[in-house]
């Protein structure tokens, strides 16, 4: 009897322990960050250079340094004005005007978006941020799954007439980012990756150029298919868009070019339509022995530079910046030159 009672008691304790363990959250599973419930403006040296329109307000007022503002506030900075917008101690943007942006938040401040339409932005996103927690939205698309440090130059794209100057440039200094662009996707951007674009008014044309490292692109080619392309330094993707009268569907044509100017792909399609509305063609195929020459544009210098930049970025990422101190890389805008 005593032996049976002891066995029953031991079995019950074991079952209770197992039930308790099953109810607990899995150990080691990362938890989402919680950003601050309001955004704070810091480092603003002069009053009047930064205007803010809080949600529901009809008129802009002068922003005040070290003051917190609700998400959804619209900010506009005058040329040359520099300051910091703080989402949390380790997530912020150093901004230089002219700039226009709106910080947004969702899911009890677990997801934040910096909706930018103009300006220079040096960003730092907490390395612990989970995919999708911080988004940088632009007229050309959105950077998602961001972590680490990056720089963005954003011209007034919608107001631009066709120009020969870059109006959009992005560079990762550490960490990673994914860019969901208009009619293309860049996945897995890591240290020392960079690209730039030239865009016409109303986004009728975009010319994307690789600057640093190798950026993997996926280009929709119609009928649900995608075409991969490696955007190496000097390589280009040229996109032309139009909308048919009475339709919201884009008619898109795409041309990909290696760094030496040789065309690889050309295709056109009607967005969201099936067979009979798209065409694709492989123009040129690179042989393995030619790949290295195309990657460095034939002069042998860019891969070494990219490797050096990647090594430097890794060293920078290994540093610890306590109390939200601004790294030197984010304090310097390099006169708008990211490369």
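Only the coordinates and a few stated rules stand behind these numbers; no lab work does. Bear in mind the structure is a predicted one, so any value in this text is a computation, not a measurement.
With the convex hull drawn over the C-alpha atoms of the range 30-121, the volume per residue is 90 Å³. Mind running the shape call on the range 128-211? Use the C-alpha gyration tensor, a ≥ b ≥ c as the square roots of the eigenvalues: rounded below 1.5 for a/c, prolate if a/b tops b/c, oblate otherwise. In terms of gyration-tensor shape, prolate. Summary of the geometry: the range 190-228 and the range 76-110, compared by the centres of their Cα atoms, lie 26 Å apart.
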